[in-house]
Structures are given as structure tokens and as C-alpha cells.
1. Would you mention how many residues in the range 10-62 are in contact with a Ser or Thr (Cβ under 8 Å, 6 or more places away or on another chain) and of a type in the set (S, T, N, Q)?
2. Any idea which of PHE4, PHE54 is within 16 Å of the chain's Cα centre (by Cα) and at pLDDT 95 or above?
3. With the structure loaded, tell me whether GLY132 is closer than 22 Å to GLY31 by Cα and open to solvent by 10 Å² or more (accessible area, probe 1.4 Å) or whether it fails that test.
4. Scan the range 48-74 residue by residue and report those that are in contact (Cβ under 8 Å) with a residue 40 or more places away in the chain, open to solvent by less than 10 Å² (accessible area, probe 1.4 Å) and either in a strand (DSSP E or B) or not small (Gly, Ala, Ser) (or both).
5. Among the residues of the range 7-42, how many are of a type in the set (Gly, Ala, Ser) and either touching a Gly at 6+ places or on another chain (Cβ under 6 Å) or within 16 Å of ILE107 (Cα to Cα) (or both)?
6. Do we find that ALA154 is in a helix (DSSP H, G or I) and in contact with a strand residue (DSSP E or B) (Cβ under 8 Å, 6 or more places away or on another chain) in this structure?
7. Output the number of the condition that ASP20 fails; it satisfies all remaining conditions of (1) charged (D, E, K, R); (2) closer than 27 Å to LYS144 by Cα; (3) in a loop (DSSP other than H, G, I, E, B).
8. Every residue in the range 75-112 that is open to solvent by less than 10 Å² (accessible area, probe 1.4 Å) and either closer than 15 Å to ASP20 by Cα or not in a helix (DSSP H, G or I) (or both), please.
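The values are calculated or read from the model by the stated rules, or taken from the named source; none is laboratory data. Everything numeric in this text was worked out from a predicted model, so none of it was measured. Ideal geometry is used to build each Cβ from the backbone, glycine not excepted, and the neighbour counts take in all protein chains shown. When the accessible area is computed, the model is the full protein with side chains, heavy atoms only, and any ligands, DNA or RNA have been set aside. Shrake-Rupley method; radii C 1.70, N 1.55, O 1.52, S 1.80 Å.
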Amino acid sequence: MSGFAEAGQPMPDIAMETPDGGSVKPSDFKGKKLVIFFYPKDNTPGCTTEAKDFSALQSDFEKAGVALLGVSKDSPKKHQNFIAKHDLTTPLATDAEEGGLSDALGIWTEKQMYGKTYMGMVRSTYLVDADGTIARAWNKVKVKGHAEEVLGAAKAL
């Protein structure tokens, strides 16, 4: 796939590991709306703010009939520590090192920082409708106000 997944495309159904050692995949939420937010790394400033913002609004998402899921390539153990350290209520999942959901969506990509090239996650959020189709995609997300914007879009869906 070239570029990022877009609205109108089906959400790929690829399993990810949960912090408790279980697994979760987008089709587990069939019949309800789902917001999946992808972020680069646990316990970094922007990612922490984003996860805390989604956790703070979780009850509003639930009232709107929308499930939340945060995803990075951090290990389940790192997710457990991240959840405990910041009292996160939003469920998290670990994407596969290779061939994961972020790869299928085109958001695990080559990045550059300080002249070094590396693979990294493009901060992205997907609103998935009840039949598993991407209803809205946000790529290269700016964290401030993002969770509120996504909530508004989810309520409008």
C-alpha cells in the first residue's frame, strides 16, 4: 500500500497482544464504533498526553457507543507500566514488530530525526464504523485537542 489508509477502506483485521497476554483485533468490536489511536512510544510527553486525554474522555466515548483502543509497538509489560504510572483507563495493545496492523495501514514507516533514519509510528487515529469500515482517518496528529475532535466526529457518525 502506498501512503496511509483512508476513509472508505476496510480496517485490516490483524490481531494484537493485550497487556494481560490476551489478544484483540478490530473485528472484536464489530457492531459498534471503534476509535483506534496509534502512537509512537509509551511514557514520552506527547504520547502520555494523548493517552491521558483519551482516558479522560473514555466515559463520553462509551456514552456515544464508541470503544477505544490505543496501539504502539511497546511490549505488553511496558504497556502495564504505562497504564499504572498514569492511571490510564483506555485499553492498550501491542502491535506486531513486523506485519502488524500499523504496517497494513501504512503508518509504520521510515522517519528521520537528527540525521538518523529509523522505523517509527506515524501518530494516527482511525474512527471505524460498526461494519468495520474506516469512517475517518487522522494522520500526523497534533495531540492538543485531538481526543475532543475525535469524540465529536464519533458522535456525528
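1. Of the residues in that region, 3 qualify.
2. None of the others qualify; the one that does is PHE54.
3. Criteria met by GLY132.
4. Across the range 48-74, the qualifying residues are GLU50, PHE54, PHE61, VAL66, LEU69, VAL71, SER72.
5. Here the count works out to 1.
6. When the stated conditions are applied, ALA154 passes them.
7. (2)
8. HIS79, PHE82, THR90, LEU92, ALA93, ASP95, GLY100, ILE107
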